[in-house]
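To start, the structure itself, in structure tokens.
The values are calculated or read from the model by the stated rules, or taken from the named source; none is laboratory data. Keep in mind that this is a model prediction, so the values were computed, not measured. So basically every Cβ, Gly included, is an ideal-geometry build from the backbone, and we count neighbours across all protein chains shown.
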Amino acid sequence: MALARPLETVEAPPAQAGWLATSVEFCRRRPLGAVGAAIIVVMFVVALAAPVLAPYDPQLVDFAAMLARPSPAHWLGTDSFGRDVLSRLIYGSRTALIVGFVSAFVGATLGAVLGVGSAYFGGRVDLYMQRLMDIFISFPLIILALALVAILGNSIPNLITAITVPMIPRCALVIRSSALSIREMPYVDAARAAGFGHSRIILRHMLPNVMAPYLIMVTAFLGQAILLEASLSFLGLGVQEPLPAWGLMLRGAAVEFAETAPWMAIFPGVAISLSVFAFNLFGDSLRDALDPRLRTQ
Amino acid sequence: MARYVVKRLLLMVPTLLGVAVIIFFLMRVVPGDIVELRFAGEGASVSRDNLDKERARLGLDEPLWKQFITWIWGIARLDFGTSMWTGAPITEEIRLRFALSLQLAIMATVVAVLLALPLGVLAALKQDSWLDYAVRIFAIAGLATPSFWLGIVFILALLIVFKWLPPMVYTPFWVSPWQNMLQLIWPALAVGYRYSAVATRMTRSAMLEVLREDYIRTARAKGLWQRLILSRHALRNAMLPVLTVVALEFAFLMGGLVVTEQVFNLNGLGLLFVESVAHRDYTLTQALVLLVAFVFIFVNFLVDLAYAWIDPRIRFR
């Protein structure tokens, strides 16, 4: 016993390292990814602590302070209704994160299930599924989202649906190609020989093995979903006033008063870019860490 | 090869038909139709009778399947019909907008390629140096910056620094190339930056892969100049994936610039799409979506053909 101990500690493989050690290792080896992760964490804290952090009520109209320059009272100035830009940015992070996370997770998950199912059943199912995906992919992302918003009407859940739907086929394509090789694995044959049903094999045996591309797709979609939300809100088809959202803040007055109040147009754009930038940085490093062979655009 | 081309062209038909079915029925599900919208301003003064008469004139009183067949039959004969909102032939409505979108897409592609090739190659050659990091950050930032916002920033910068605003009324290239360029160069730059980001990343990763190939080592061992190795051996082989993303992005630009067009007050296909959906102009929306989908599928097809042409190892059956 006394002899075995030191041997064990020496030879114990670091495979089961705790998540803390894994994250430290990730940060050390991928500094860019760590920067992205740090920005994401800050965003989360800001979104959660919005009521504490925001100096004003984001919807408070103050005609005495219309288009005020950035000053100690309003750090990032005010908009054409006298609303505090900083407070609106802080509350806007909630909208961006909710829309981004829900649509990226739902879109990637549905896509993964479809992709794995398509690869698993193969043959005719696969062929028809691929044709259907081709059809959906030939619609540009924003056009499909626009049409869906027009049908469903403006509300946050509908906006999320409109952003989610175009993501599904794009994820299904990527996941399908990874699942094709998994289908040939002996453990899938074994599961089939054991008499498990299709859904059990797909959900319990194949899905966990496409985790790497799945996570990569989620992080990639997160950034895209935030961008798409901003674009739709900018067109007036997304989040509606007076709810604070970054894309919405760039709409109308921000362009109209661009010369006299440039802060209205600059800061929300910086917020959008910075958050998408963070998700992309993190997603890229995650991709390199999880699967260096997998390259998405 | 000829068989392959024919097969691919034929395969486009079911995909386009699928797109047609989806957009046709999607539009009918959108609440409110064109007749209601047009007469909404006049309130109760328009009787139900007149509304129905107008619907009958536009053929909206027919059963859906019949409307669909009529429309598809027209498309099959390359007759896209007339816009329900303006009454003008759809080919007329789309022609000018198409020219504008095409020009913008071409200009953005030029901007993107001019940025992406040198940056991507440099980053790959100096992998993991500060230069590589700078290029990668520049590219990721490009993916993250909404091009419509970048457009707003350009306008702002021009306004504040030069007290000058790009022309906001569209001049076709053949009327005044100078005016036309003055207007379109800004959206092309704004869109081109994002576009270049995609291409830079692809150039870098393709070059990294190719530079590790045996034939590059052989070329080096032969004592060839670095420049010749790069241009003749490496870059040419790294071009395939780059060509793919450039082409796909180009196809995307033809219909996907909805928001940037809004910022620069450009009447391109994207803006036309938003307007036609807002008017519930079924015929025009359907034609536009079909056109954009066709461009996308066709560009995909051209990319596949170009593959075989550039890389003789790829042969199609």
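May I ask you to list the residues in the range B:160-184 that are in contact with a Pro (Cβ under 9 Å, 6 or more places away or on another chain) and surrounded by fewer than 16 Cβ atoms within 10 Å (Cβ to Cβ)?
Passing the criteria: B:Ile160, B:Leu182.
Where in the range B:215-317 are the helices (runs of 4 or more DSSP H), entirely inside, with at least 2 residues that are out of contact with any helix residue (DSSP H, G or I) (no Cβ under 7 Å at 6 or more places or on another chain)?
Filter on the range B:215-317 gives B:236-256, B:269-279, B:282-310.
Pick out the one residue from B:Val169, B:Val121, B:Val153, B:Val111 that is more than 14 Å from chain A (Cβ to nearest Cβ), assigned to a helix (DSSP H, G or I) and closer than 25 Å to B:Val258 by Cβ.
None of the other options fit; the residue is B:Val111.
Would you call A:Val125 without any contact (Cβ under 8 Å) to a residue 40 or more places away in the chain, over 30 Å from A:Asp57 (Cβ atoms) and more than 14 Å from chain B (Cβ to nearest Cβ)?
yes
Would you check which residues across the range A:109-139 are within 21 Å of A:Asp189 (Cα to Cα) and either under 22 Å from the mean Cα position of the chain (by Cα) or not in a helix (DSSP H, G or I) (or both) and list them?
Matches in the range A:109-139: A:Ala112, A:Val113, A:Leu114, A:Gly115, A:Val116, A:Gly122.
Take the range B:1-41 and flag every residue that is of a type outside the set (A, V, I, L, M, F, W, C) and surrounded by 14 or more Cβ atoms within 10 Å (Cβ to Cβ).
Passing the criteria: B:Tyr4, B:Arg8, B:Thr15, B:Gly18, B:Arg28, B:Asp33, B:Glu36, B:Arg38.
For the range A:231-247, which residues satisfy the criterion of being touching a Phe, Trp or Tyr at 6+ places or on another chain (Cβ under 7 Å) and over 14 Å from B:Gln262 (Cα atoms)?
Within the range A:231-247, A:Pro244 is the sole residue that qualifies.
Using the structure shown, decide if B:Arg201 is within 18 Å of B:Arg136 (Cβ to Cβ), of a type in the set (Lys, Arg) and in a helix (DSSP H, G or I).
Yes, satisfied.
Got at least one residue in the range A:270-278 being away from chain B (no Cβ under 11 Å) and not β-branched (Val, Ile, Thr)?
Scanning the range A:270-278, I find no residue that is away from chain B (no Cβ under 11 Å) and not β-branched (Val, Ile, Thr), so the answer is no.
Search the range A:190-210 for residues being under 26 Å from the mean Cα position of the chain (by Cα) and exposed (fewer than 12 other Cβ atoms within 10 Å of the Cβ), and hand back the single one that is nearest to A:Val174 (Cα to Cα).
Only one residue tops the list, namely A:Pro208.
Please give the number of the condition B:Val21 fails out of (1) in contact with a helix residue (DSSP H, G or I) (Cβ under 6 Å, 6 or more places away or on another chain); (2) among the hydrophobic types (A, V, I, L, M, F, W, C); (3) within 14 Å of chain A (Cβ to nearest Cβ).
Every listed condition holds for B:Val21 apart from (1).
So B:Phe80 ticks every box in (1) away from chain A (no Cβ under 12 Å); (2) in a helix (DSSP H, G or I); (3) touching a helix residue (DSSP H, G or I) at 6+ places or on another chain (Cβ under 6 Å) but one. Which box is left unticked?
Answer for B:Phe80: the failing condition is (2).
Return only the number of the condition from (1) in contact (Cβ under 8 Å) with a residue 60 or more places away in the chain; (2) in a helix (DSSP H, G or I) that A:Tyr187 does not satisfy.
Going through the list (1) in contact (Cβ under 8 Å) with a residue 60 or more places away in the chain; (2) in a helix (DSSP H, G or I), A:Tyr187 breaks only (1).
Could you tell me which residue of the range A:72-108 is surrounded by the most Cβ atoms within 10 Å (Cβ to Cβ), considering only residues that are outside any loop (DSSP other than H, G, I, E, B) and polar (S, T, N, Q)?
A:Thr78
Of the residues that make up the range B:296-314, is at least one modelled with pLDDT under 85 and in contact with a Ser or Thr (Cβ under 6 Å, 6 or more places away or on another chain)?
no
Could you tell me which residue of the range A:140-153 is surrounded by the fewest Cβ atoms within 10 Å (Cβ to Cβ), considering only residues that are over 22 Å from the mean Cα position of the chain (by Cα) and at the interface with another protein chain (Cβ under 7 Å from one of its Cβ atoms)?
By that ranking, first place goes to A:Ile151.
Test A:Ala64 against the stated conditions and say whether it is part of a helix (DSSP H, G or I) and at pLDDT below 90.
Taking the combined requirement at face value, the residue satisfies it.
Taking into account only those residues within the range B:76-103 that are under 22 Å from the mean Cα position of the chain (by Cα) and β-branched (Val, Ile, Thr), which is surrounded by the fewest Cβ atoms within 10 Å (Cβ to Cβ)?
Among those that are under 22 Å from the mean Cα position of the chain (by Cα) and β-branched (Val, Ile, Thr), it is B:Thr91.
Quick one: is A:Gly117 surrounded by 20 or more Cβ atoms within 10 Å (Cβ to Cβ), away from chain B (no Cβ under 14 Å) and touching a Cys at 6+ places or on another chain (Cβ under 8 Å)?
The answer is no for A:Gly117.
Can you tell me which residue in the range A:247-265 is surrounded by the fewest Cβ atoms within 10 Å (Cβ to Cβ), limited to those that are in a helix (DSSP H, G or I) and at the interface with chain B (Cβ under 7 Å from one of its Cβ atoms)?
Taking the candidates together, the pick is A:Val255.
For the range A:39-71, what are the residues that are free of Cβ contacts under 8 Å to residues at least 24 places away in the same chain, surrounded by 13 or more Cβ atoms within 10 Å (Cβ to Cβ) and not hydrophobic (A, V, I, L, M, F, W, C)?
Answer for the range A:39-71, where residues must be free of Cβ contacts under 8 Å to residues at least 24 places away in the same chain, surrounded by 13 or more Cβ atoms within 10 Å (Cβ to Cβ) and not hydrophobic (A, V, I, L, M, F, W, C): just A:Asp62.
Considering B:Arg8, B:Arg97, which residue is under 26 Å from B:Phe296 (Cβ atoms), within 14 Å of another protein chain (Cβ to nearest Cβ) and touching a residue at least 40 places away in the same chain (Cβ under 8 Å)?
Result: B:Arg8 is the single residue among B:Arg8, B:Arg97 that is under 26 Å from B:Phe296 (Cβ atoms), within 14 Å of another protein chain (Cβ to nearest Cβ) and touching a residue at least 40 places away in the same chain (Cβ under 8 Å).
With respect to A:Ser285, is the statement that it is surrounded by 14 or more Cβ atoms within 10 Å (Cβ to Cβ), more than 10 Å from chain B (Cβ to nearest Cβ) and within 30 Å of A:Ala34 (Cα to Cα) true?
yes
List every residue pair whose Cβ atoms lie under 9 Å apart, where the two residues are 6 or more positions apart in sequence or sit on different chains, the first residue falls within the range B:125-150 and is more than 30 Å from A:Leu235 (Cβ to Cβ) and more than 9 Å from chain A (Cβ to nearest Cβ), and the second residue, located anywhere, is among the hydroxyl-bearing types (Ser, Thr, Tyr) and in a helix (DSSP H, G or I).
Short answer, once both residue conditions are applied: B:Val135/B:Thr200.
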